[in-house]
Amino acid sequence: MQIGILQTGASPDALRAEHGDYPDFFERLLADRGLTFRRYHVEAMEFPADVHECEGWLITGSRHGAYEDHPFIKPLEAFIRSAYDAKVPVVGVCFGHQIIAQAMGGKVEKFAGGWSVGPTEYDFGDETLRLNAWHRDQVTEKPESAEVVASSEFCQNAALLYDDRMFSVQAHPEFSNDFVDGLMRTRGPGLVPDDLMAAARDQFAKPLDDAGMAGRIASFFLTHQARSNGAEKLRA
């Protein structure tokens, strides 16, 4: 199944040589799970010609706010709504989670409670996953069409499901502890409280559940593909 990665930001220059850029992160996270990838740098206004150009879409994180006035924001929102209407599956992560919610009628803003950084536990109902966080913005009002499927003490709308068409998570399953440590060193000073970054580093010894989240994302895509293929056979 081919997934188009819609890149909405870039990893810091100081970390890119070692860790790669955001599409690299997702290709590593979802490797060997029956998915192939094609990249679109939508932040630079490189958009697919059509929502059917790939079989599914994944929207990355970004340093931008979904509510900010950047040239790519409105076209991306329109693309999201078109994909939803066409029943082409979409996954969003962090900024991707937020821009999907905003495009579908929800509200995104800087959270009054501040930042969430580092390994964080998310309650998915049937299991708790420990995933890295790096955000202050969050979905403060979910769209009517979205179901909350995970939350944390800090983030009520931590994962949202829109029927079987879109799935989004606030956490960063693609971020390793080493990369988050790099973010704290390069972007954190003066932006994220020092005590919060120190507390995050104290959690690095505990294992992450990024593989579990990767499984959920891959299953979302592949289950949608299998269901669509079955419907095509019935129509034939």
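The values are calculated or read from the model by the stated rules, or taken from the named source; none is laboratory data. Note that the structure is predicted; figures quoted are calculated from it, not measured. Methodologically, a virtual Cβ is constructed for each residue, glycine included, from the backbone with ideal geometry; neighbour enumeration extends over all protein chains shown.
Answer yes or no as to whether Pro12 is over 13 Å from Met166 (Cβ atoms) and out of contact with any helix residue (DSSP H, G or I) (no Cβ under 7 Å at 6 or more places or on another chain). It is false that Pro12 is over 13 Å from Met166 (Cβ atoms) and out of contact with any helix residue (DSSP H, G or I) (no Cβ under 7 Å at 6 or more places or on another chain). Residue check: is Tyr122 closer than 24 Å to Phe221 by Cβ, in a strand (DSSP E or B) and not basic (Lys, Arg)? Yes.
Scanning for something part of a loop (DSSP other than H, G, I, E, B), modelled with pLDDT of 95 or more and crowded, with 18+ Cβ neighbours inside 10 Å, does the stretch 15-24 turn up at least one residue? So far as the stretch 15-24 goes, no, none of its residues is part of a loop (DSSP other than H, G, I, E, B), modelled with pLDDT of 95 or more and crowded, with 18+ Cβ neighbours inside 10 Å.
On the basis of being within 18 Å of Pro173 (Cα to Cα), over 17 Å from the mean Cα position of the chain (by Cα) and surrounded by 16 or more Cβ atoms within 10 Å (Cβ to Cβ), does Leu58 make the cut? So Leu58 fails the test.
Take the stretch 116-161 and flag every residue that is crowded, with 20+ Cβ neighbours inside 10 Å, aromatic (Phe, Trp, Tyr) and over 14 Å from the mean Cα position of the chain (by Cα). Hit for the stretch 116-161 is Tyr122, nothing else. Here Ala198, Ala159, Ala146, Ala150 are screened, and the one residue that is closer than 18 Å to Ser62 by Cα and small (Gly, Ala, Ser) is Ala159.
When Ala133 is tested against (1) within 18 Å of Ser11 (Cβ to Cβ); (2) touching a residue at least 40 places away in the same chain (Cβ under 8 Å); (3) not polar (S, T, N, Q), exactly one condition is not met: (2). Counting residues in the stretch 39-58 that are of a type in the set (Asp, Glu) and closer than 22 Å to Thr140 by Cα gives zero.
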